[in-house]
Every structure is written in structure tokens, then in C-alpha cells.
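Notes to accompany the following structure.
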Amino acid sequence: MAVKATPRRGRASGLRRGEAAAGWLFTAPVIVILGVFLLIPVVMALWVSVSDWAGRGSPLSGSVSFVGADNFAAVLTDGGLATKDFGTALRNNAWYVLLVVPLQTALALFLAILVNRAMLRGRGFFRTAYYFPSVTSSVAITVLWMFLFTASGAVNDVLSWFGINGPNWFNDPRGILHLALGTVGVDAGPAALTQGGTLGVSWWEWLAGPSVAMSAYILMAIFTTSGTFMLIFLAGLQNLGADVDEAAMMDGANGWQRFWRITLPQLRPTLFTVLTLGLIGCWQVFDQIYTGTRGAPSKTTLTPAYLSYQTAFQNQEWGQGAAIAFMLFVIIVIFTLLQRWVLRDRPVSKRRIRAYQSSSKGASS
């Protein structure tokens, strides 16, 4: 009579339960820390954004009432100073994002390709030199930048060598696009732009471009962040295989064609990471504004992150400050999803498939 083998399912499931318990045990400290210092404060801030908490006592006390979307409406639809300040902050930050993200990404990719070349001598030195501004304190960089960009600073001294009278950078509220239009005699916009607008800001002001003061912050952001993203691109470049690039070289593709058709498509995941991190960092810019101009001059360097702090901690409008913070969170999520959709993997079109098939048949014949 054959002896039936003893099933081992119970032992295996017991091992899995033990591994799961051990995993939860090791991750429990991190979960507790994140819950206490991240999740709970976020939930409490969400409650503050829909309540009338005045900043005194606990926001969970019985004297605090639920007001629904009143704090959001005060910022978005009331048309008062809070709405105009929010619109101004969005305009400033939108121009900041529009200029910083593409320029810092392009510069970081260029530097990564440059220091990735085997023929470059002293590659380690250049990698360290390009990355060094990224590890320096943003407060120290801001103080140095304000010193360099004063009316009698080093930047204006260099511009004077070329006969250019540099502005007083951090005290000039004029938009650079309006300045450019002023050089050709356009000092005022049409009625359609000056009379219409949104969030208390006319379309003509939306199209003013970043102010001279904000332009100095834009240059500082590009200077300090490109080194970090250079290292991310460098890691992506070093993970690419050389066989496809060599095959394209044998087929007669020049350097630009190999970069545009081969290297860049393979860097799409890295590009998505860099763009996402850059987008989030640009929308959350705060410490440079707080250390430097604090929204001045004429609120042309005001950003939503600093406006949230100013509204809550200085004006004691805690509900509106929390509401601005959550609206900024929604903006970041929307732009991240939009960016993910733009950089998604697209199926090969039928036209390209037919062209590839016809070329393959011609080569085989």
C-alpha cells in the first residue's frame, strides 16, 4: 500500500505569514513616524481649510465650526484682495515654472552628455563642480545672489563692460515682456486684454512675463538645480546600451539624428522623473522668496507657497492659508498627470509600420 505524501501547504503558508509579520514589524516604525508627522498633519490641515479655526486652541475643539468651501471661495471667487493676491501669485509662479523647468532640464541634459564623454579629461572634477551649487544651502545661495544682483553688484558691473546699464534686479517690478514691447513703442495693451482677466488679474498683466526681480530668481533656480538633474541624466545615459547607437552610426546617422532618434527616446523614463521633480520643486518655491524679497517689489515675486504662509502665519487667516496650500497641491497633481500623458508610450502608427515593412522588403530583395 503506497504511503500518501504529507501536504506541505500548511508549512508554506506558515512561512509566508511569518515573513509578512516580520515585514510589518520592520516597517512599523517608519509607518508610525509618517503617520504622526505627515498623515495626521495633512488631515488636520484639510480640516482647517474647511473650518473657521482662528489659530487659538485646538482645531478639533468644539468651538471650531465647519464652514465648507467658504475659505476656498474667499480666495477664488470673492474678487477681493485675497483673490487678486492669489491670481498674482499664480501668474508669477506660472512664468517661473514655464521658464525654469525647460531651461534647467535642457541644461542638465547638455551637461550630462558633456561629462559622459569618454574623451573628456577631468570628468570627475566637472561633475563635482556642476553639482556643487545643488548641495549648498538655498539660504546662502539666495543671500549671495542678492549681493551679486544689486544695483552696484558684480552682475551689473559685467553688463557695463558691454555698454548695458543693468537694472536694480530685486527691486524692479517691471515685466520683461512689457519691457520688450516698450522698446518698440507698445506701452499699453488693447482693451480686450486690459479689461478682461481672471482672479483679479487682467490678461495684459498675465502676459507681462516674469518681473525683472523674478527673472533673477529664475536664473538662480537654473544655476542651483541643473547639477542635481545632471546626475540623474548621467545615470540614465550610463545605463543605455551602445549597440543601437553604433548600429545607427554604421547606417550613416549623424550625431544629432542619433541623439534625437535613439538616445532621447531611451531616456524617456529619466526625462519624466526630471520634469516631474522640477515641476514640483518650481511650484513649491518658498525659501528663496522668504529669504530674499518676501513677495516684493509690488508682489511680483509672490508665489502660492509663500502666500499660503503669509496668509496663515502673518494675516492669521488660517483657513484661507490652508485652502491655498491644498489648491497648490491640486495644481501640482494636475500638471504631473498632464506631463505623464504627454510622455506616455504611444503605439507605432500604421503609416510607420507600412514604411518599415516596405523598407524591409526592399532590403531583403
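Would you work out the charge dipole size for the chain about its Cα centre, treating the Cβ of every Lys and Arg as +1 and the Cβ of every Asp and Glu as -1, and quote it to the nearest 20 debye?
In total the dipole reaches around 2120 debye.
Taking R0 as 41 Å, what's the FRET efficiency between residue 247 and residue 136 from their Cβ-Cβ distance, rounded to 0.05?
The formula returns an efficiency of 0.45 here.
Kindly provide the trypsin sites (Lys or Arg not before Pro) of segment 55-125 that DSSP labels as loop, not H, G, I, E or B, and whose Cβ sees at most 11 other Cβ atoms within 10 Å.
Those that pass, being in a loop and sparsely packed, are 56, 117, 121.
State, to one decimal in nm², a quarter of the convex hull surface area for the C-alpha atoms of segment 57-135, i.e. the direction-averaged projected area. Walk me through the numbers on the way to the answer.
On the way: hull surface 39.0 nm².
Averaged projected hull area, Cα only: 9.8 nm².
Using the crude model of +1 on Lys and Arg Cβ and -1 on Asp and Glu Cβ, and no other charge, please compute the dipole size for segment 222-300 relative to its Cα centre, in debye to 20.
It comes to approximately 460 debye.
Report, as a whole number in µm² per second, the diffusion coefficient that Stokes-Einstein gives for segment 236-360 at 25 °C and 0.890 mPa s using the Kirkwood radius over alpha carbon pairs.
132 µm²/s
Could you tell me which residue out of 240, 308, 285 lies farthest along the dipole of segment 198-346 toward its positive end? Charges go on the beta carbon: Lys and Arg +1, Asp and Glu -1, centred on the Cα centre.
308
Run through every distinct alpha carbon pair of the chain and return the Kirkwood hydrodynamic radius in angstroms, one decimal place. It would help to have the intermediate numbers written out before the result.
On the way: mean 1/r = 0.0397 Å⁻¹.
About 25.2 Å for the chain.
Counting alpha carbon pairs within less than 8 Å and at least 6 residues apart, what relative contact order, in whole percent, applies to the chain?
Relative contact order for the chain comes out at 24 percent.
Mind checking which helices in the chain clear 27 Å along their axis (Cα) and have mean Kyte-Doolittle hydropathy of -0.5 or more, DSSP H runs only?
Correct list, ordered by number: 9-34, 81-115, 212-238, 318-342.
Kirkwood hydrodynamic radius, computed over distinct alpha-carbon pairs, for segment 93-168: how many Å, to one decimal?
Computed over segment 93-168, the radius equals 15.2 Å.
Mind checking the dipole of segment 123-261: about its Cα centre, +1 per Lys or Arg Cβ, -1 per Asp or Glu Cβ, Debye to the nearest 20?
For this selection, approximately 200 debye.
Express in nm, to one decimal, how much length is gained between residue 21 and residue 235 on full extension, taking 0.36 nm for each residue of separation and deducting their alpha carbon distance.
Using 0.36 nm per residue and subtracting the Cα-Cα distance, I get 73.5 nm.
No value in this document is a laboratory result; all are computed from the given coordinates. This is a predicted model, so every value here is computed, not measured. For neighbour counting, all protein chains shown are included, and Cβ atoms are generated from backbone atoms with ideal geometry for every residue, glycine included.
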